[in-house]
1. Relative to the longest principal Cα axis of the chain, at what angle does helix 69-84 sit, 0 to 90 degrees, rounded to 10?
2. May I ask you to give the percent of accessible area on the range 74-203 that is carbon plus sulfur, with a probe radius of 1.4 Å?
3. Rounding to the nearest 10 and keeping the result within 0 to 90°, find how far the Cα-based axis of helix 157-173 lies from the longest principal axis of the chain.
4. If you place +1 on the Cβ of every Lys and Arg, -1 on the Cβ of every Asp and Glu, and leave all else neutral, what size is the dipole of the range 20-101 about its Cα centre, to the nearest 20 Debye?
5. With charges only on Cβ, +1 for K and R and -1 for D and E, what is the dipole size of the chain about its Cα centre, in debye, rounded to 20?
6. Farthest toward the dipole's positive end in the chain, which of Met36, Leu171, Val63, given Cβ charges of +1 (Lys, Arg) and -1 (Asp, Glu) about the Cα centre?
7. Can you give the Kirkwood hydrodynamic radius of the range 18-111 from its Cα pairs, in Å with one decimal?
8. Take Phe167 and Gln107, extend 7 Å from each Cα along the Cα→Cβ direction, and tell me the distance between the two endpoints in nm.
Amino acid sequence: MPELAPAQRAALEAAYADPPRAYHSFAHVGEVMREMAGILAAPGWHRPREVWLAVLYHDAVYVPGATDNEARSAVLAREAIARWMPDAGIDAARVAGLIELTARHGQHQPEDFPDDADGDDTRRFLDCDMAILGAPAARFDAYDRAIAAEYRDRVPGWLYRMQRRRFLAALLRRPRIYLSAEFHARLDTAARANLRRALVTKR
């Protein structure tokens, strides 16, 4: 993947630092990038630059509880492409579209996307962002605590636990947590074990 211009990277890192985040930080981008790199090795991405930029910007705007984080992140990505990468041939609409899809994590099914190369990219991109659900137990538990920390001063504890349980239980009920064959085969069993354990601890 190409390198960001220093000014673009500085602006992006500043966005991820405001407000300070326990999970949705620039470190999270690095984790998703590692998942992306695994797919880049095999089977590969159809439009890797667009996916790369979507990963970079997908949580650039993140205010816990806000309903427009993804839409605002998509706008920020479009503005950054226009400002710093105007002649790079990037499909900014594709980048923005991928980012906006992350607003509905846990609501997609594999067949929601076309059975073509772009559809494969979409499924794998969304799975990269959700890979943490199938992480080793200690890493998943750290993620779960970090999400709670982000909401601690914004939502009453009882309400957060109720809403979080609802979200995790809905994921567990879905026939497919992961949309691509690769992620489903690799992470589904671990993700379901993590979700069951988390639901028990949130009673």
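The values are calculated or read from the model by the stated rules, or taken from the named source; none is laboratory data. Because the structure is a prediction, the values reported are computed rather than measured. Note that we place each Cβ from the backbone using ideal geometry, even for glycine, and neighbour counts take in every protein chain shown. Just so you know, the surface numbers come from the protein's heavy atoms only, side chains and all, with ligands and any DNA or RNA stripped out. Shrake-Rupley method; radii C 1.70, N 1.55, O 1.52, S 1.80 Å.
1. With rounding to tens, the tilt is 20 degrees.
2. Carbon and sulfur: 52 percent of the exposed surface of the range 74-203.
3. Rounded to the nearest ten degrees, it is 80.
4. 120 debye
5. Here the chain has a charge dipole of around 1280 debye.
6. Of the listed residues, the answer is Leu171.
7. So the Kirkwood estimate lands at 14.0 Å.
8. 1.3 nm
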